[in-house]
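Have a look at the structure below before the remarks.
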Amino acid sequence: TKKLQITGHGINIEDFKPDENKNDLTIFTILTVGRISPTKDIESIIKAIDILKEEKIENIHLDIVGEPGLSEQFRYYESLRQMVRTMKLDDIITFRGPVPNREISQLLQKSDLFINISGTGSLDKAVLEAMACECMVLTGNNAFADILSEEFLVEKNNPRRLAEKIIWFM
């Protein structure tokens, strides 16, 4: 409409900046941050980690930060936790729960890859925060198709392709 005014996202670049001292190369750390919801396709990330484990790539760790936003999404959250237990990925995947925004930058600074496969189609601030920290990003969100090159994009519901992209980043 004519009333539409795009204001963008406010990111404090004094907090969301690269960590110049990062140099731990022993564990490839993957981070995803956001509301725990089926639209985020977190199960594909978990399945991709399982594929990597089956391929004997075990020097990785996935941190899942967030909680369900709606009461009906708690079943989905519990199904993800059960999936991790069933696949015996407890030592590779951590559910951190909710983390205050002021602490997210520290997690991003320590991570090697940020994954966001959100199906919302809107520019996700979490991806922008990861980019501000110079953390590599991999997203399935088509809102980033005009911003990022093909190497940084992945389709939803395709854990095999996601695993291949993670290996490429490693």
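Rolling a 1.4 angstrom probe over the protein heavy atoms with all chains in place gives region 1-156 an accessible area of 56 Å² per residue. Listed by chain and number, the lysines whose alpha-carbon sits under 19 Å from that of LYS40, ignoring those within fewer than 8 places in the same chain, are LYS125, LYS156, LYS165. Give me the percent of accessible area attributable to carbon and sulfur for region 103-170, probe 1.4 angstrom. Answer for region 103-170 is 47 percent, counting heavy atoms of protein chains only.
Counting Lys +1, Arg +1, Asp -1, Glu -1, what net charge surrounds HIS61 among other residues with beta carbon under 10 Å of its beta carbon?
Net of charged neighbours comes to -4.
Report in % the part of the accessible area of region 20-79 that belongs to carbon and sulfur, leaving out ligands and nucleic acids; probe 1.4 Å. Accessible surface attributable to carbon and sulfur in region 20-79 totals 50 percent. Build a GNM of the chain with springs between Cα atoms under 10 Å apart, and of GLY69, GLY97, GLY140 the one that fluctuates most is GLY69.
Here the relative contact order of the chain, from alpha carbon pairs under 8 Å that lie six or more residues apart, stands at 28 percent.
Close amide-amide hydrogen proximity is noted between LEU62 and ILE30, ILE93, THR94, each under 5 Å apart and 5 or more residues distant or on a separate chain (H modeled in the peptide plane; Pro and chain starts excluded). Enumerate the aspartates and glutamates that LYS22 could reach by cross-link, defined here as Cα to Cα under 16 Å, with residues fewer than 8 away along the same chain left out. LYS22 reaches ASP112, GLU134. Would you mind telling me which residue in GLU155, GLU103, GLU43 has the biggest mean-square fluctuation in a Gaussian network model of the chain, where springs connect alpha carbons within a distance under 10 angstrom? Evaluated over the chain, the most mobile residue of the options is GLU103.
222 nm [θ] for the chain, helices only, -39500 (n - 2.57) per DSSP H run of 4+, per residue, to 500?
Result for the chain: -10000 deg cm²/dmol, rounded to the nearest 500.
Charge dipole (Cα centre; +1 on Lys/Arg Cβ, -1 on Asp/Glu Cβ; no other charges) of region 69-118 amounts to roughly 40 debye. Only loop residues by DSSP count here, and only those with at most 11 other Cβ atoms within 10 Å; note down the trypsin sites (Lys or Arg not before Pro) in region 1-88 that meet that. The qualifying sites are LYS2, LYS3, LYS56, LYS88.
Among residues other than GLU155 whose Cβ falls under 13 Å from its Cβ, what is the net charge (Lys/Arg +1, Asp/Glu -1)? Once all neighbours under 13 Å are counted, the net charge is +1. LEU138 contributes an accessible area of around 0 Å² to the protein surface, as traced by a 1.4 Å probe with all chains present. Based on C-alpha pairs under 8 angstrom that are at least 6 apart in sequence, region 15-73 has a relative contact order of 52 percent. Simple point charges give the picture: +1 on the Cβ of Lys and Arg, -1 on the Cβ of Asp and Glu, and for region 122-162 a dipole about the Cα centre of about 240 debye.
For ASP19, ASP112, ASP146, the ranking by accessible surface with the largest value first comes to ASP146, ASP19, ASP112, using a 1.4 Å probe. In the list [x] 1, 7, 10, 12, 11, 10, 12, 13, 11, 8, 3, 1, 0; [y] 1, 8, 16, 19, 17, 13, 9, 6, 4, 3, 2, 1, 0, 0; [z] 1, 8, 18, 22, 22, 16, 9, 3, 1, 1, 0, the label attached to P(r) over Cα pairs in 5 Å bins from 0, in percent as derived from the coordinates here is [z].
Counting 0.36 nm for each residue step from LYS56 to SER71 and taking away their Cα separation leaves a gain of 1.7 nm.
The values are calculated or read from the model by the stated rules, or taken from the named source; none is laboratory data. Just so you know, these numbers come straight off a predicted model, no measurement behind them. A quick note on method: Cβ atoms are made from the backbone with ideal geometry, for glycine too, and the neighbour counts reach across all protein chains shown. Each accessible area value is taken on the protein alone, full model and side chains, heavy atoms only, with ligands, DNA and RNA left out. Shrake-Rupley method; radii C 1.70, N 1.55, O 1.52, S 1.80 Å.
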